[in-house]
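The structure appears below as structure tokens.
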Amino acid sequence: MKKIVFLTGAGMSAESGISTFRDSGGLWENYNVEDVASIDGYIRNPELVLNFYNMRRRELLKVQPCEGHRLIAGLDDQYDVTVVTQNVDNLHERAGSKKVIHLHGELMKATSSDNPNDARCVVDLSEESIDINIGDKAKDGSQLRPFIVWFGENVPMIEPAIEEVSKADILIVIGTSLNVYPAAGLLRYARRDCEIYLIDPKTVNCPDNYGITYIRKGASEGMRTLINDYLIK
Ligand code: OAD
């Protein structure tokens, strides 16, 4: 079975109705990234940060996976598929993808402020207990916080992601501006004979321009093109 690795970003979920970060009208136009998505911002004003992610979580409950998410999940029968995503939503899982690596954490999980990467402190949030509030405690007694990798923090899932990319026969990058490292550096780990496709309606500045096939379309239409014109030969 051929191994396909997807690397997805905010554009993957744009058609589901979740804003991207750096497009016009994107989240970072309305919020200061340093305030709401950095460890320093959280230390300065935890309530602001908790509220920001409480809002994101409430938005997530209202949206559904798009056709692109479903087409990716549908490949599980014919390929050994791993999805490496920078997205903190759970739309790949809800579409049915079996193997998903979240580089930047998961919106529907919470963890300890003192030991964010201690698996024993990670808990699931649900529709019934959707918010994290000041005073909510993790297992170790510290303030509960979103299970999100903020700027200024380690990215523990980068190691398993590198391992997956380095074994891929086919690497498909969808909806990421490739601005944020270490995620953007994953392409470098692709084998020389790995086929690389990049699906994005805009031109993405790709530092390593080695034989990438560009599909300049949105995630769903781009996935249809990929499957019909490139995968099914
Ligand atoms: P960006 O907002 O930087 O990039 C989104 C990409 O999606 C752009 O290249 C768009 O052209 C593309 N796009 C827009 N609509 C699309 C569609 N319908 N189909 C396909 N692509 C589309 O988002 P990311 O690269 O994911 O991290 O951002 C990376 C990280 O920066 C995020 O995980 C987040 C952010 O700060 C943290 O918060 C830690």
Query raised in the report: Are any residues in the range 158-192 open to solvent by 30 Å² or more (accessible area, probe 1.4 Å) and assigned to a loop (DSSP other than H, G, I, E, B), and if so, which ones?
Result: Lys167, Asp169, Ser177, Asn179, Tyr181, Pro182, Arg191, Arg192
Report task. Could you please give the count of residues in the range 77-101 that are surrounded by fewer than 16 Cβ atoms within 10 Å (Cβ to Cβ), free of Cβ contacts under 8 Å to residues at least 40 places away in the same chain and either on the phi < 0 side of the Ramachandran plot or within 16 Å of the ligand (Cβ to nearest atom) (or both)? Result -> 3
Query raised in the report: Considering the range 42-53 alone, what residues qualify as being more than 21 Å from Ser177 (Cβ to Cβ) and either crowded, with 17+ Cβ neighbours inside 10 Å or without any contact (Cβ under 8 Å) to a residue 40 or more places away in the chain (or both)?
Result: Tyr42, Ile43, Arg44, Asn45, Leu48, Val49, Leu50, Asn51, Tyr53
Report summary line: The residue that is nearest to the ligand (Cβ to nearest atom), considering only those in the range 1-29 that are touching an Asp or Glu at 6+ places or on another chain (Cβ under 7 Å) and in a helix (DSSP H, G or I), is Gly11
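Restricting attention to the range 1-34, and to residues there that are among the acidic types (Asp, Glu) and modelled with pLDDT under 95, which single residue is most open to solvent (accessible area, probe 1.4 Å)?
Filtering first and then ranking leaves Glu29.
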Query raised in the report: When the range 30-52 is examined, which residues are found to be within 10 Å of the ligand (Cβ to nearest atom) and in a helix (DSSP H, G or I)?
Result: Val33, Val36
Report task. Output the residue which, of all residues in the range 102-119 that are closer than 19 Å to Ala184 by Cβ and without any contact (Cβ under 8 Å) to a residue 60 or more places away in the chain, is nearest to the chain's Cα centre (by Cα). Result -> His102
Report task. Can you tell me which residue within the range 208-220, out of those that are free of Cβ contacts under 8 Å to residues at least 24 places away in the same chain and not in a strand (DSSP E or B), is nearest to the ligand (Cβ to nearest atom)? Result -> Lys217
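The values are calculated or read from the model by the stated rules, or taken from the named source; none is laboratory data. All values derive from a computational prediction rather than experimental measurement. Positions of Cβ are backbone-derived with ideal geometry, glycine not excepted, and every protein chain shown enters the neighbour counts. Keep in mind that these areas ignore ligands, DNA and RNA; they rest on the heavy atoms of the full protein, side chains included. Shrake-Rupley method; radii C 1.70, N 1.55, O 1.52, S 1.80 Å.
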